[in-house]
Each structure stands twice: as structure tokens, then as C-alpha cells.
Amino acid sequence: MRRLLAAAIFAALLLPLAAACSGDSSSSLTIYAGRSSTLVDPILKQFAKETGIHVRVRYGDSTELASTILEEGKNSPADIFYGQDAGSLGALLAANRLTPLPGDLLQLVPEAYRSPQGLWVGISGRARVAAYNTDKLSPSDLPASVLGYSDARWKGRVGYVPPSDGFPDFVTGLRLILGEDAARAWLQAFKANNPKAYPNNLAALQAVADGEVDVALVNHYYLLRSLQEHGQGFKARNYYFSSGDPGGLINVAGAGILDTAGNREYAERFLRFLLSAEAQQYFAESTFEYPLAAGVAADPQLPPLSQLQPPKIDLTRLSDLQGSLKLMREVGLLP
């Protein structure tokens with residue numbers, strides 16, 4: 001009975017994209033997408049419509065889907081893994097589950113936002129920022145480095161999102177940049193300042209606008225969504241860290257072709273579509289992420305990607321998410 005139930009659930013997860021989703025493995029494309037269906041379902045439907053390729057999508061948490069692919073082994077039905085973050089792609093790369101991509105496809109994206117081994121490519125980017133309350137603070141009041149938020153003057157004034165939405169990736173980056181001991185020490189000092197935990201970035205950002213906290217460590221695009229909904233009177237703005245500061249990590253949603261791909265041609269067409277002007281413009285206008293393919297500009301409210309100064313790390317090395325969650329539990333930032 002459990003197996004039948006699991007099979008039924010799996011089948012349901014593979015049906016979100018429209019009627020064109022039938023077909024055998026050689027004439028269809030199965031995508032494991034660790035992205036929100038509300039964000040990417042429209043552009044995936046557009047791909048199916050324009051190409052006539054039958055598309056099946058399984059949505060879920062990026063880390064969990066990557067783990068599922070590893071558990072399924074060579075029996076996985078997945079052709080493409082489309083992850084929310086580079087860390088989950090790194091886990092598949094480390095397990096030798098990704099296959100080399102064509103050089104001309106990789107070159108559509110700056111080197112910093114694709115696998116050094118040529119095994120995955122970034123599709124869109126997001127920057128970590130400090131969102132601040134505009135009634136209480138100006139940029140000159142804020143620490144130039146995220147490390148400054150361990151100072152006692154910020155006690156009880158900072159919000160964060162512990163389980164997901166970028167904070168654990170930030171912690172992983174912090175460990176890579178500072179080393180384990182220094183990262184632990186900063187997290188302990190940050191915890192001693194009694195930061196307020198929120199379930200997601202939107203909740204943390206709204207708390208900033210409402211004056212519940214003065215600052216929140218979030219991803220950049222949530223502000224633009226809130227400005228679109230509430231107007232320019234929304235009382236929060238983003239502060240972008242510079243000079244390679246750990247707080248300014250830029251992570252990417254990216255994709256790779258799995259070693260279980262049944263139709264390599266369709267898989268490559270899908271990646272090229274995601275990097276086309278049409279799809280990149282969708283990400284710029286609809287999700288307010290940074291388009292990564294050359295020739296497509298980000299929303300004019302954002303500083304150009306080329307002007308940001310993120311820490312220089314191989315994004316694939318963000319794969320040790322479990323190690324970061326373990327550290328956060330040990331210092332008391334995660335239940």
C-alpha cells in the first residue's frame with residue numbers, strides 16, 4: 001500500500017505542466033526543479049509550447065531533490081536538475097551525476113556563475129543584502145560588513161531566516177571564507193545579540209518595514225516584489241555589501257544534465273532556452289533576479305551585476321549545506 005501511495009504521489013508531482021506532458025522517455029523531458037512552481041512554471045510552460053517537447057516537472061526542495069536523485073541512482077527518471085542554489089548542484093557534481101555541457105552554452109554565462117568543470121550553468125542570480133527600515137536608518141548607519149552585526153549595538157534589532165531562503169548558504173560561504181573556527185565564533189556572537197528568526201524572507205522583510213526589527217539579512221529580490229505590491233512608500237530598502245564581504249554572497253539558480261538523461265538533444269535545448277533573451281527577460285521582469293546571460297539587463301532598480309563585489313568563491317563549494325545546518329544548531333540559531 002505504501003509503495004502504491006508513493007507511486008501515486010510521484011505521478012502527481014510530475015504533472016504540473018500542461019497537457020503536453022505525455023510521451024515516452026525518448027520523446028519527453030523530465031525536470032527535477034528545486035524552484036518554486038509559482039516562479040518558474042510559466043517559463044517552463046512556454047518552453048513546452050514553443051518546442052512541442054513533452055515536459056514533466058517534479059517540484060520540491062533543491063537539497064531534497066538532489067538527495068532523491070542520488071538515492072534513485074541509475075534508475076532516476078530525471079533528465080535535468082534545475083536547482084535553487086549552487087550547493088545542491090555541487091552535491092550532484094561531487095557524486096559524478098552531472099555530464100559535461102557544450103562550451104558555447106557555458107560561455108553564455110560569466111565564468112563566476114558556472115561550474116569550473118563545465119558540468120552546470122547558472123540561469124539567474126540573487127544577492128544577499130541587509131534590508132533596513134528607512135524611517136530608522138540610512139545606509140551610513142549600517143556596518144560595511146555583515147560581520148558588524150555581532151556588535152552589541154545591534155542586539156535585538158536584526159532579523160534572519162534560519163532554515164532556508166539563503167541564510168544557510170551564507171553560513172556555508174562564511175565557513176569557506178573565514179574558516180570553521182572563525183565562522184563559529186561569529187555565529188555565536190550573532191546569536192548572543194538575540195536576532196529574531198522568521199519563517200521566510202518576505203516575513204523578515206515585512207518585519208523591517210513594520211519596524212519590528214531594524215535590519216534583516218535576506219535575498220535582494222524580495223524588496224522589489226514588495227515595492228511592486230505596496231509602492232515606493234514601502235519602508236524598507238536594500239543595502240549591498242561590497243569589497244568581497246561574506247554578506248554580499250551571490251548565489252545562482254542553475255541547471256545541469258544528469259547521467260540518466262534519455263534525450264540529450266532535448267536537455268540541451270532546454271538549457272539554451274533558459275539562457276535565451278526571452279527567458280532571461282522573464283527572470284529580470286517577473287522574478288526580479290539577475291539575468292546571467294549576456295545582453296539582458298536586470299531591473300533598473302537594481303545595481304548592475306557587474307558593479308557588485310561579491311566574495312570570490314567557487315559556488316560549487318557551497319554544497320555542504322548539512323554541515324552549515326549542523327553548525328547553526330550547535331550555536332542555537334536553528335532548533
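The values are calculated or read from the model by the stated rules, or taken from the named source; none is laboratory data. As the structure is a computational prediction, the values presented were derived from the model and not from experiment. No Cβ is skipped: glycine too gets one built from the backbone with ideal geometry, and neighbour counts run over all protein chains shown.
Can we say ALA255 is small (Gly, Ala, Ser), in contact with a helix residue (DSSP H, G or I) (Cβ under 8 Å, 6 or more places away or on another chain), in the same structural domain as HIS54 (by TED's automatic domain parsing) and within 20 Å of ASP79 (Cα to Cα)? Here the answer is yes, as ALA255 does meet what is asked.
The condition of being in contact (Cβ under 8 Å) with a residue 60 or more places away in the chain and under 14 Å from LEU258 (Cα atoms) does not hold for LEU105. Scanning region 189-200 for residues that are within 25 Å of the chain's Cα centre (by Cα) and not in a strand (DSSP E or B) returns PHE190, LYS191, PRO195, TYR198, PRO199, ASN200. Residue count for region 98-121 under the criterion of being exposed (fewer than 14 other Cβ atoms within 10 Å of the Cβ) and either among the hydroxyl-bearing types (Ser, Thr, Tyr) or within 18 Å of the chain's Cα centre (by Cα) (or both): the result is 1.
Identify all residues within region 30-56 that are under 28 Å from SER324 (Cβ atoms) and either crowded, with 20+ Cβ neighbours inside 10 Å or touching a Ser or Thr at 6+ places or on another chain (Cβ under 7 Å) (or both); write none if there are none. ILE31, TYR32, ALA33, GLY34, ARG35, LEU39, VAL40 - these are the residues of region 30-56 that are under 28 Å from SER324 (Cβ atoms) and either crowded, with 20+ Cβ neighbours inside 10 Å or touching a Ser or Thr at 6+ places or on another chain (Cβ under 7 Å) (or both).
If you go through region 276-326 and pick out every residue that is hydrophobic (A, V, I, L, M, F, W, C) and over 21 Å from LEU119 (Cβ atoms), you end up with 11.
Give the residue, chosen from ASP151, ASP141, ASP181, ASP165, that is free of Cβ contacts under 8 Å to residues at least 60 places away in the same chain, on the phi > 0 side of the Ramachandran plot and in the same structural domain as ALA207 (by TED's automatic domain parsing). Being free of Cβ contacts under 8 Å to residues at least 60 places away in the same chain, on the phi > 0 side of the Ramachandran plot and in the same structural domain as ALA207 (by TED's automatic domain parsing) holds for just one of ASP151, ASP141, ASP181, ASP165, which is ASP165.
Any residue at all in region 4-27 that is more than 18 Å from the chain's Cα centre (by Cα) and at pLDDT 95 or above? The answer is no; no qualifying residue exists.
Scanning region 276-302 for residues that are outside any loop (DSSP other than H, G, I, E, B) and aromatic (Phe, Trp, Tyr) gives TYR282, PHE283, TYR290.
If you go through region 30-80 and keep only what is among the basic types (Lys, Arg) and in a loop (DSSP other than H, G, I, E, B), you end up with just ARG35.
Just name the residue that is surrounded by the fewest Cβ atoms within 10 Å (Cβ to Cβ) out of those in region 303-329 that are assigned to a loop (DSSP other than H, G, I, E, B) and touching a strand residue (DSSP E or B) at 6+ places or on another chain (Cβ under 7 Å). Filtering first and then ranking leaves PRO303.
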